[in-house]
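**Student:** Once you've had a glance at the structure underneath, I'll fire off some questions.
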Amino acid sequence: MPVEERHNATYNPLCEVFPRIASCEYVRYGVGGVQETRSALCILGLNMINDKVKKLLTKVSFRVEQFYVISLCDVLINFKLRF
């Protein structure tokens, strides 16, 4: 679980879509000039544009879902009143 989620104790869907931590392998020169391959967890830079786009799309989809539910309820009520 990413640090942001552990700190706030809330679920953040942005951490699933735009991960903040990745597994990295890098090569470095160790003792005696020998090449070593190391594995580490790399913290990725925050991409603010992706976060803003995701928030916008989430809000838009939520509004569309609300409109759909209201329209569906209206159709069902009108259908019931006819029969």
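What follows draws every value from the coordinates through simple rules; no lab data is involved. Just so it is clear, the structure is predicted and the values come from calculations on it, not from any experiment. Neighbour counts are summed over all protein chains in view; Cβ atoms, including those assigned to glycine, are modelled from backbone coordinates with ideal geometry.
**Student:** Residues of the stretch 33-65 with amide nitrogen under 14 Å from the 7 Å Cα-to-Cβ point of SER23?
**Tutor:** Answer for this model: 38-42.
**Student:** Multiply the residue separation of MET48 and PHE62 by 0.36 nm, subtract the distance between their alpha-carbon atoms, and state the gained length in nm to one decimal.
**Tutor:** So the extension gain works out to 2.9 nm.
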